[in-house]
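All remarks here apply to the structure that follows.
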Amino acid sequence: MILWAVAIVVFALDRWTKHSIVSSFMPMESRIIIPHLLWFTYVQNEHGAFGLFGSQPVVLIVLALIVLVLFLYAFRDAIKTSNLARVAIGMIAGGAFGNIFDRLGHPYVVDFIDFKTIWQYVFNVADSCITIGVILLILLSLRREKTS
């Protein structure tokens, strides 16, 4: 239950933030949110994570689904016993479905979180949640290795 509740919250937050950006910004428009640190820049990203895999929406959708199934399989035991694993997989699933939803409507993902001065990539809530979910799974795996 926790896994799907987290996935739904992440998906809803991702949809809401992307809708807010699309309805308030022109493509490539940028606004300062926190001076010298954070901008919102509306980018229509046709590529996969970190610009990988080119602009092949069907391939990117299939890859996202395969990776999600692999995570569910690889962490199936942890999901049964660990709330942290449920939250992490929920974040990954919600983020994956958020980006898949974008690609089903058009050949790009809406990105807008932009740390111009420290990071060259623009990303979104879905990307952030996927990254945090993967980090949580790595930490969970390291903790389990230590206790074994």
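Laboratory data are not the source of any read-out in this text; all were calculated from the coordinates shown. Given the structure is predicted, the values throughout are model-derived calculations rather than measurements. Note that each Cβ is placed from the backbone with ideal geometry, even for glycine, and that neighbours are counted across all protein chains shown.
Quick notes on this one:
- Neighbours of Gln120 by Cβ distance under 13 Å: Lys/Arg scored +1, Asp/Glu scored -1, total -1.
- Hypothetical label at Ile32: residues of region 114-146 whose amide nitrogen lies under 17 Å (7 Å Cα-Cβ projection): 114-118
- Student exercise, region 1-106 dipole from Lys, Arg, Asp, Glu Cβ charges, in Debye to nearest 20: 240 debye
- Value at 222 nm in deg cm²/dmol, rounded to 500, when DSSP H runs of n ≥ 4 in the chain each add -39,500 (n - 2.57): -21500 deg cm²/dmol
- Taking θ as phi - 60° and the Karplus parameters 6.51, -1.76 and 1.60, the scalar couplings of region 121-134 work out to 9, 9, 9, 9, 4, 4, 4, 4, 5, 4, 4, 5, x, 5 Hz in sequence order, x denoting glycine and proline.
- Here the translational diffusion coefficient of the chain follows from Stokes-Einstein with Rh set to the Kirkwood radius across Cα pairs; for 37 °C and 0.692 mPa s it amounts to 205 µm²/s.
- Couplings 3J(HN,Hα) for region 11-21, derived from phi with the Karplus relation 6.51 cos²θ - 1.76 cosθ + 1.60 (θ = phi - 60°), are 4, 5, 5, 4, 4, 4, 5, 5, 4, 4, 5 Hz, where x marks Gly and Pro.
- Against the chain, whose longest principal axis comes from its Cα atoms, helix 57-74 is set at around 20 degrees.
- For region 50-144, the set of trypsin sites (Lys or Arg not before Pro) satisfying both a DSSP loop assignment and a count of at most 16 other C-beta atoms within 10 Å is given as Lys116.
- Farthest toward positive dipole pole in the chain [+1 Lys/Arg, -1 Asp/Glu at C-beta], among Cys129, Ala85, Ala12: Ala85
- Between Ile118 and Phe101, the contour length at 0.36 nm per residue exceeds the Cα-Cα span by 3.3 nm.
- Relative to the longest principal axis of the Cα atoms of the chain, the long axis of helix 83-105 makes an angle of roughly 40 degrees.
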